[in-house]
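To keep things clear, I will list the structure first and then write my remarks on it.
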């Protein structure tokens, strides 16, 4: 996915990073010492959303907007896989979601 505002893109299965990472030349705001903890929290977010599907229907995405970054969380295929993308806070997460949606519809 080519989009100027993307900082990070990765595919997770539960708390395990399958593929992806930070965009080359971009530094992470979270220290490396907490990266495993954040990976675990991604799995927790996925589990909560999965439980909520019982009442609200299939989850399409979660978008979190912070002062420094936006984080986009999208279920991806079978098992407990999630695509996680972070963008600059000034970027419109809707544009990235639109591109992700088109990619999932094709692929």
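Rounded to the nearest 500, what is the 222 nm mean residue ellipticity of the chain from helices alone, with -39500 (n - 2.57) per DSSP H run of 4+ residues and division by all residues?
For the chain, the value works out to -11500 deg cm²/dmol.
Considering Cα pairs under 8 angstrom that are at least six residues apart, work out the relative contact order of region 6-106 and quote it in whole percent.
30 percent.
I'd like the FRET efficiency for residue 64 and residue 33, computed as 1/(1 + (r/R0)^6) with the beta carbon distance as r and R0 of 30 Å, rounded to 0.05.
E between residue 64 and residue 33, to the nearest 0.05, is 0.90.
Computed from the mean reciprocal separation of all distinct C-alpha pairs, what Kirkwood hydrodynamic radius does region 6-106 have, in Å?
For region 6-106, inverting the mean 1/r across all distinct Cα pairs yields 14.1 Å.
Given springs between every Cα pair under 10 Å in a Gaussian network model of the chain, which of 88, 24, 13 has the largest fluctuation?
24
Between residue 26 and residue 56, what length in nm is gained on full extension when 0.36 nm per residue of separation is reduced by their alpha carbon distance?
In short, 7.2 nm is gained.
Using alpha-carbon positions, what is the distance between the centroids of region 84-98 and region 1-40, in Å?
Comparing the Cα centres of region 84-98 and region 1-40, I get a distance of 14 Å.
Could you line up 92, 39 from fewest to most neighbouring Cβ atoms inside 10 Å?
92, 39
Report the extension gain between residue 40 and residue 11 in nm, rounded to one decimal, defined as 0.36 nm multiplied by the number of residues separating them, less their alpha carbon distance.
Extra length available between residue 40 and residue 11 comes to 9.1 nm.
Running a GNM on the chain with Cα contacts under 10 Å, which residue among 18, 42, 72 ends up with the highest mean-square fluctuation?
Highest fluctuation among the options: 18.
Can you pull the Kirkwood radius for region 36-84, inverse mean 1/r over Cα pairs, to one decimal in Å?
Hydrodynamic radius (Kirkwood, Cα pairs) of region 36-84 is 11.5 Å.
Which of 65, 51, 16 ends up with the largest GNM mean-square fluctuation for the chain, with Cα atoms connected below 10 Å?
Checking each option, the largest mean-square fluctuation is seen for 51.
Throughout, read-outs are computed from the coordinates displayed, never taken from laboratory work. The shown structure was predicted, so the numbers you read here are calculated from the model rather than taken from an experiment. We place every Cβ from the backbone using ideal geometry, glycine too, and count neighbours over all the protein chains shown.
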